[in-house]
Structure formats: C-alpha cells, structure tokens
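The values are calculated or read from the model by the stated rules, or taken from the named source; none is laboratory data. Keep in mind it's a predicted model, so treat the numbers as computed, not measured. As a convention, Cβ positions derive from the backbone with ideal geometry for all residues, glycine included, and neighbour counts pool all protein chains shown. When the accessible area is computed, the model is the full protein with side chains, heavy atoms only, and any ligands, DNA or RNA have been set aside. Shrake-Rupley method; radii C 1.70, N 1.55, O 1.52, S 1.80 Å.
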Amino acid sequence: MTAPTASTAPTAPTASSAVTGPHADDVPGDWLAVHVFYAASPRPLLLQCVKPLVDDLTEEGLLAGYFFINYWLEGPHLRLRLRPRRAADAPVVRERAHAALAAFLRERPALYEVKAGFLAELYETLFTLEYTEDQRAEFLGPDGRMRLRPNNSFEDRLYEPEYGKYGGPGGVALAEWHFQHSSDLVVEAARGMNLHLRTVLLGLSAQLMMVMSGTFLKDDEALLAFLDRYHAFWDRAFNGTNYTTAQGYDRAYTEMGASLPERFRRIRDAVAQGGQDRLPAFLRGWAEHCTELRDRAEELTLRGELTFRAWDGSRDIRPTDPAHALPMLLSPYLHMTNNRLSMTIRDEAFLSYVLARALRDETAGKPNPAGAPAEGSADGTAAGDTPTGGRVPGGEG
C-alpha cells in the first residue's frame, strides 16, 4: 500500500489573479484542484474528510466555494476543487486540504488495487474511446497501457474549466455555482440515504433527472426528444462495448410497476407548473435550485454571454434563444450530478430510457413499444452528434 503523498502544480490563472487595489480582498482567489486517488467508495472520503474540511474552511472565512467530481483517468479518483475566499488565503487552504487528506488516507486507506480485472479493463476501454492517440501518449506507462497513479495518494493539478462545454467564462461561473449545490446535495444524500443499495441509487437519480430536465424543458415534446437523444448518445458513444445495452430494458421497466409513469408525471407537472411545494422536501430544494439555475442560464443567453464550442472544435456557437441554449447546458448538468452519485454509463442510458418511456406511457395511457423513439430531436444539438454541443464524457466539470 502506498503512503499518502502530494505534489504541487500551479492552478490556471483566472481574472481574479489580476485584481489589485482597495477591493482586491473582496475577490476570491483562483481555484485549487486536488486529485485524490482512492480506489474505493468515495462515501467515507466525502463524509469523513471533504465535508468537515469544507465546513471548517467556510466557517473560518477562508473558502468561497468548492465542488467535486469522480473520474477514472490514471486510476479512480475524486477531483476536489476549492476556491479560497481571497488570493492570500490560497496557501493556508492548500495546506489545510493536504493535512486533512493525508490524515484520512492514513486512517481509512482504500485496500483495492486497480491492476487487473474488470475495473482495469473498463478504464482501459474508456481511455481508448475518449482520448485520441496523441492525447493518450501523455498518460501511457512502459507497458503501453494507461498509467495508474499510486492508490491512497493525492496531487495538486491544474484546474482547467471547460469553457467550450459550459458557454464561456459566464457559463463556467454559473456551472461552478451549480456544482457546489450539486455536490452538497450528493453529500447529504450519502449521509442520509442507503445509496449503497442499487434500487435506492437508481430511484434517487431518476427523480433528480426528472426534476432538472422537467424544469429546463417545459414542453413535453421537447423533453421527450431530449431524453431520447441523451439515451442515444450514451448508447452510441460506447457502441461495441458491453457498458451499455438495451437488453433487458423492457423487462426491467415492466418490473418497476404500473404506477411508475404516474409518479414521474406528478414530478413533471409540479416542476413544469411551478408547483415545487407539492414535491417531497428533498426534491423541493433541488427543484428550487434548478429553477434558479435555468433562470440564470436564460439571462446569460438573452444577453448573448454564452459561447459554446462545437464538439469537433470547428466553430463557436453563440445561442440567443434559450430553447437552443438550455438543452446544451442540461446534458452536462445532468451528467455531472450523476457522476457525483457514482452512476455508471449504463445507468445513464437506462434511466433516460425509463424516464422517456414512463412519460409516454402516462400520456398515452397505454404501454409504448420498447425503445420507440420520439419524432424529431432535441433543440440545441446543432453543434454535433452529442446532446450538449460538446464532449460529454469526462471533463473537468
């Protein structure tokens, strides 16, 4: 087992680094990024280390924001993002984070080593699918396979926001605000729910997806087309692997029970009609947040402040109509919340199928043939074959 280690790398400069004068102390510092290589469930890492660290730094006035994502490149790890309250606070925030992580990894190390077996093959497949040959060269080990970082270690890394995916600086700032709320939600769910049970995890994700997608897309036809396209993307992106499969979808959907369409329709109607107070408390808070997120995204769009990069890098896309911009943002927002929940690619493909079919069945009053697609396609897909207008898998999020 490798002892906890850390290395230091610079954080990408942002506009805040150039601020001087009497108001410099009011501007948050640049984001710090730490990759924590931990080949185990992230639940204890989040609850016993990240959450207490963030709470303490916030209470002491040292932190302006945080979020996390899960990723697999160079081995399973949690990417922790911390934004110091002021640029001068960066050294102490980094030092406190390093101390907390080192202590946790000593006391609660992950015992599994990703060297062979299913996970090693899964990560190698993702590596081949998501990165070009030139991009892979940076991460190759002597054996020609993806290099694995030491388990139970952490490293400072460069924070590289995905401006093309989230709409430029304004869109990234909005995403970072949203990611903290999404991170808080997942931490609270991990604390109070039995997310180690697949049925609980899938049920929670499905409801969160329905709340967010229904808030962003009020029209049934647009929502159904979006869900079909979201499903098709995940299914097609990993075509040729067994990580997504339509086999068993129909049976699994049927086994969920006849009340499923009605339950999803109630959620859909509540968020579409502004009736969040009819939702359970946990979903109500999420719906209120999603409404504010949608409104902010609409404002940025109408002001012409969102600029997306086409998925193939060939051009910029500057939507001025929220009907175009919202689906482009909705896809990575959904995906990154599912990422924080540790949902799999197969889960995302399946749940988007379930949500679309449930809404169709409730609307039609009778079962829909398995896999029958909606006519048309989601708005906001002119950027390419993904539902986001940019690359969904991976990313700094």
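Residues checked against (1) open to solvent by less than 60 Å² (accessible area, probe 1.4 Å); (2) of a type in the set (Val, Ile, Thr); (3) modelled with pLDDT under 70; (4) within 23 Å of the chain's Cα centre (by Cα):
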{"site": "Arg83", "(1), (2), (3), (4)": "yes, no, no, yes"}
{"site": "Val92", "(1), (2), (3), (4)": "yes, yes, no, no"}
{"site": "Glu130", "(1), (2), (3), (4)": "yes, no, yes, yes"}
{"site": "Pro142", "(1), (2), (3), (4)": "no, no, no, no"}
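If the requirement is being among the charged types (D, E, K, R), open to solvent by 30 Å² or more (accessible area, probe 1.4 Å), under 24 Å from the mean Cα position of the chain (by Cα) and farther than 30 Å from Lys51 by Cβ, which of these qualifies: Glu292, Glu288, Glu298, Glu362? Reasoning before the result, please.
Working: Glu292 fails: farther than 30 Å from Lys51 by Cβ; Glu288 fails: farther than 30 Å from Lys51 by Cβ; Glu362 fails: under 24 Å from the mean Cα position of the chain (by Cα).
Residue meeting the stated conditions: Glu298.
Quick check on the stretch 250-263. Is at least one of its residues under 21 Å from Cys290 (Cβ atoms), at pLDDT 70 or above and surrounded by fewer than 20 Cβ atoms within 10 Å (Cβ to Cβ)?
yes
Taking Arg79 as the residue in question, decide whether it is assigned to a strand (DSSP E or B), under 28 Å from Tyr333 (Cβ atoms), open to solvent by 20 Å² or more (accessible area, probe 1.4 Å) and modelled with pLDDT of 95 or more.
no
For the stretch 19-42: of the residues being outside any loop (DSSP other than H, G, I, E, B) and loosely packed, with under 15 Cβ neighbours inside 10 Å, which is modelled with the lowest pLDDT?
In the first step, residues of the stretch 19-42 are kept if they are outside any loop (DSSP other than H, G, I, E, B); the result is 24-26, 32-37.
With loosely packed, with under 15 Cβ neighbours inside 10 Å added as a condition, the list becomes 24-26.
Numbers: Ala24: 56, Asp25: 68, Asp26: 75.
Checking each candidate, the answer is Ala24.
If we scan the stretch 341-350, do we find a residue that is hydrophobic (A, V, I, L, M, F, W, C) and modelled with pLDDT of 95 or more?
Within the stretch 341-350, one or more residues are hydrophobic (A, V, I, L, M, F, W, C) and modelled with pLDDT of 95 or more.
In the set Val200, Val211, which member is in contact with a Cys (Cβ under 8 Å, 6 or more places away or on another chain) and open to solvent by less than 60 Å² (accessible area, probe 1.4 Å)?
Every option except Val211 fails the conditions.
Which residue, of Leu53, Leu62, is within 25 Å of Arg106 (Cβ to Cβ) and crowded, with 21+ Cβ neighbours inside 10 Å?
None of the others qualify; the one that does is Leu53.
Considering (1) farther than 28 Å from Gly164 by Cβ; (2) surrounded by fewer than 23 Cβ atoms within 10 Å (Cβ to Cβ); (3) modelled with pLDDT of 85 or more, say which one Glu375 fails and leave the rest.
(3)
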